[in-house]
Amino acid sequence: MTVKEVFQEITPSDFFYRNRDIAGFTNPARALYSTVRELIENSLDACELSMIPPEIYVRISNKMDAQENFYEIRIEDNGPGVPPEVIPSAFGQILFGSKYKLRQTRGTFGLGGKMALLYGQITTNGKTLVISSTGGNEIYEYQLMIDIKNNKPIILEKKVYPNKRKWHGTIIEFTTEADYPRAASKIIEYLKQTAIVVPYANITFIDPKGKLYKFIRVTNKMPKPPEEAKLHPHGVDVETLRRLIETTKTKTLYDFIKTHFQRVGDATANNFLKFAGIDLKKNPKQLSQEDIVKLANALKNFEEFLPPDASCLSPIGEELLKIGIKKELNPEFVTVYQRKPSAYSGFPFIVEVGIAYGGGIPKTGKIELYRFANKIPLLFDEASDVSWKVINNLIDWHRYKIPQDAPIAIFVHICSTKVPYKTVGKEFIADRPEVEREILNAVREVARRLSLYLSKKRSIERERKRYGVFSKYLPKIALFATKLSEKKKEPEIKYLLKKAIKIEEEFWDSEEEERKSSGES
């Protein structure tokens, strides 16, 4: 019997419904972790783009009238809010959002938050409550579900309330299947690490047993939000180029190159078109498919383009990262180093590395590694990450005279418009040569600073022991010398002890001066 093949089209929501493991919703425990992570990151992005110090509240509670593994999730933020006409699509349509511009954001497509709602719907058949206001005269409340087959929002109920206090922000509440006991440790660790990179945020979390976790803001200073940027020529492929040509209003290739690509002026545009062997006066819409392929290859291989513009990035900054590390871990010593912007394949990136020693850093016999990408903590698959490779395989710690069992934590943050993740799970970063080089150089710098600190600390300890010997034996020597010389008055030893103290003070003063000059704490 011949089987007839049936072909059909599926919508994005149907695709992710069938393949939810792609977005990290593989099982109830991992799904709950992904839900909390995605919703918090959406709130942080919204607040940061509007330069609003975030106030985020998250609550996970058992549904008393439902199955044991059904939990209610509620998240509130004080962001700019969502316009009412956009709310249904923003929360009920997969691949609808504002994260398609070339600038750094935690998410890429705004997919994760909607996947959390979709997962809740397909596991509990529950609806989503969305309350939001942009700070105007009205607050809008929607009860929504997702039409998975057609990828459209279903509005079950809509209410409008007066906004007397001019509140702005968004509240989301829905039910999902989850395994909180298994997810709890990862969720708490995620919140703690998030608090390190956003010390300007207040984050409140209430778990199903009613236990309260508070991560308190210690500064109102925030990183400069990323700006929207044009594409860099080295990061353009044939399809992107074809789309630009379809939408361009320019009439010549000369104007096309200058208009649609960043940091391209008159001279560079002229030199490039000569290099590509294409008439600069030619209308881009008249290019054949062969011409487009030729132009795309030339864009990638022309070496005179300036490096990518890093204004589309928003690094944490040395000061804020240091504040966050001190707030959550209270180390004895911490220093942070930010590398200058670099690029891979036409995409700019910045590496920031911190190292902390002693204090609240646990002594585990190995270096504690904290990894972040676009201010997102990466908690899984540590050994596959380029940072792990640098710290464990490429750095010779003996060279810096740092003991193997010293209580040390290293923090590696990479921000980019396109972080080079190895897999769709986005939990570890590929060892791209450019990225590996920047991390290696940054780790070497902070290791050198720690080595200098430990060296001075050892010197101070030696001086303390020396002073201890002096203070213990000098009085006895003075007494014996007085008896032997048959004199009545003992020799003055205060001067010698004061000299020993002065040597120790000079060490502390030089240490303080060094820390100030390098911006250390």
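Tabulated data for the structure shown
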{"item": "Enumeration of residues in segment 143-168 that are more than 13 Å from ILE87 (Cβ to Cβ) and among the basic types (Lys, Arg)", "result": "LYS149, LYS152, LYS164, ARG165, LYS166"}
{"item": "Filter pass, TYR370 being crowded, with 19+ Cβ neighbours inside 10 Å, touching a residue at least 24 places away in the same chain (Cβ under 8 Å) and either of a type outside the set (A, V, I, L, M) or on the phi > 0 side of the Ramachandran plot (or both)", "result": "yes"}
{"item": "Every residue from segment 229-243 that is surrounded by fewer than 18 Cβ atoms within 10 Å (Cβ to Cβ) and in contact with a Ser or Thr (Cβ under 9 Å, 6 or more places away or on another chain)", "result": "LYS230"}
{"item": "Tally, over segment 251-270, of residues that are touching a residue at least 40 places away in the same chain (Cβ under 8 Å) and open to solvent by 60 Å² or more (accessible area, probe 1.4 Å)", "result": "1"}
{"item": "Which listed residue, of ILE94, ILE73, is modelled with pLDDT of 90 or more and either farther than 19 Å from ILE376 by Cα or surrounded by fewer than 16 Cβ atoms within 10 Å (Cβ to Cβ) (or both)", "result": "ILE73"}
{"item": "Residue in segment 457-471 that is more than 35 Å from the chain's Cα centre (by Cα), among the polar types (S, T, N, Q) and at pLDDT below 90 present", "result": "yes"}
{"item": "Pairs, first closer than 12 Å to ILE410 by Cα and touching a residue at least 12 places away in the same chain (Cβ under 8 Å) in segment 439-454, second aromatic (Phe, Trp, Tyr) and in a helix (DSSP H, G or I), C-beta under 9 Å, six or more apart", "result": "ARG444/TYR400; ALA447/TRP397; ALA447/TYR400; LEU450/TYR400"}
{"item": "Close pairs (8 angstrom Cβ cut-off, 6 or more residues apart or separate chains): touching a residue at least 12 places away in the same chain (Cβ under 8 Å) and closer than 20 Å to LYS418 by Cβ in segment 230-250, hydroxyl-bearing (Ser, Thr, Tyr) and open to solvent by 30 Å² or more (accessible area, probe 1.4 Å) anywhere", "result": "LEU231/THR240; HIS234/SER345; GLY235/SER345"}
{"item": "Counted residues, segment 258-305 - those being in a loop (DSSP other than H, G, I, E, B) and under 14 Å from HIS234 (Cα atoms)", "result": "7"}
{"item": "Residues of segment 207-256 classified as among the β-branched types (Val, Ile, Thr), touching a strand residue (DSSP E or B) at 6+ places or on another chain (Cβ under 8 Å) and at pLDDT 90 or above, total", "result": "1"}
{"item": "Answer residue from segment 24-61, given it is farther than 20 Å from ALA195 by Cβ and in contact with a Phe, Trp or Tyr (Cβ under 6 Å, 6 or more places away or on another chain) and is modelled with the highest pLDDT among those", "result": "ALA31"}
{"item": "Check on PHE305, under 29 Å from GLU228 (Cα atoms), surrounded by 16 or more Cβ atoms within 10 Å (Cβ to Cβ) and more than 22 Å from the chain's Cα centre (by Cα)", "result": "yes"}
{"item": "Residue selected from segment 308-336 under the condition open to solvent by less than 50 Å² (accessible area, probe 1.4 Å) and in a loop (DSSP other than H, G, I, E, B), by the criterion farthest from ASN441 (Cα to Cα)", "result": "PRO331"}
{"item": "Count of segment 340-362 residues which are over 13 Å from VAL419 (Cα atoms) and surrounded by fewer than 20 Cβ atoms within 10 Å (Cβ to Cβ)", "result": "7"}
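The values are calculated or read from the model by the stated rules, or taken from the named source; none is laboratory data. These numbers come from a predicted model, not from an experiment. When we count neighbours, we look across all protein chains shown, and the Cβ atoms used for this are built from the backbone with ideal geometry, even at glycine. Heavy atoms of the whole protein, side chains included, go into the accessibility calculation; ligands, DNA and RNA do not. Shrake-Rupley method; radii C 1.70, N 1.55, O 1.52, S 1.80 Å.
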